[in-house]
Amino acid sequence: MARKTILVCDNCSKEVPESRGAVMRLNYQDARRGSKQADLCDDCAAGMPGQQVARRGRRPKSMA
Ligand SMILES: [Zn+2]
């Protein structure tokens, strides 16, 4: 079983090279709707709406 899984972009159907691309996860506020996610290539990920989110971990110096 040496066959590796290839990842395909859910938006443009292009193959996503290893250690590239992104996963977009959508969480509905209404928990009953669950959530969904999409695998994206770098190009499509860049074109998606959304803001950069700070990495978890150390907090930036307090802005309050
Ligand atoms: Zn794509």
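Stokes-Einstein D for the chain at 37 °C, 0.692 mPa s, Kirkwood Rh over Cα pairs, in µm²/s?
Stokes-Einstein gives a translational diffusion coefficient of 229 µm²/s.
With θ set to phi - 60° and the Karplus curve 6.51 cos²θ - 1.76 cosθ + 1.60, what are the ³J(HN,Hα) couplings of region 4-14 in order, to the nearest whole Hz, using x for Gly and Pro?
Here the 3J(HN,Hα) series is 8, 6, 9, 9, 10, 4, 6, 9, 10, 6, 7 Hz.
Taking the Cα of residue 4, stepping 7 Å toward and past its beta carbon, and measuring to each backbone N in region 10-27: which are under 12 Å?
Zone members listed by number: 16-20.
Cβ under 12 Å from residue 37's Cβ, residue 37 left aside: what net charge do those residues give with Lys, Arg +1 and Asp, Glu -1? Present the calculation step by step, with values, prior to reporting the outcome.
Values: positive: 25, 36; negative: 10, 39.
Its environment carries a net charge of 0.
Which net charge results for the neighbourhood of residue 11, defined as the other residues with beta-carbon distances under 10 angstrom from its beta-carbon, given Lys and Arg at +1 and Asp and Glu at -1?
With Lys, Arg at +1 and Asp, Glu at -1, the neighbours total -2.
Counting other C-beta atoms within 10 Å, which of 25, 20, 55 has the fewest, and how do the rest follow?
If I rank by nearby Cβ atoms, fewest first, I get 55, 25, 20.
So what's the back-of-envelope 222 nm ellipticity for the chain, counting only DSSP H runs of four-plus at -39500 (n - 2.57) apiece and dividing by all residues, rounded to 500?
Helix-only estimate at 222 nm: -2000 deg cm²/dmol.
If amide H atoms are built 1.01 Å from N in the plane of the peptide, which residues on other chains or at least 5 residues away come under 5 Å of the amide H of residue 8?
16
Only the coordinates and a few stated rules stand behind these numbers; no lab work does. Note that the structure is a prediction, hence the values are computed from the model and not measured. Cβ atoms come from the backbone with ideal geometry, glycine included; neighbour counts cover every protein chain shown.
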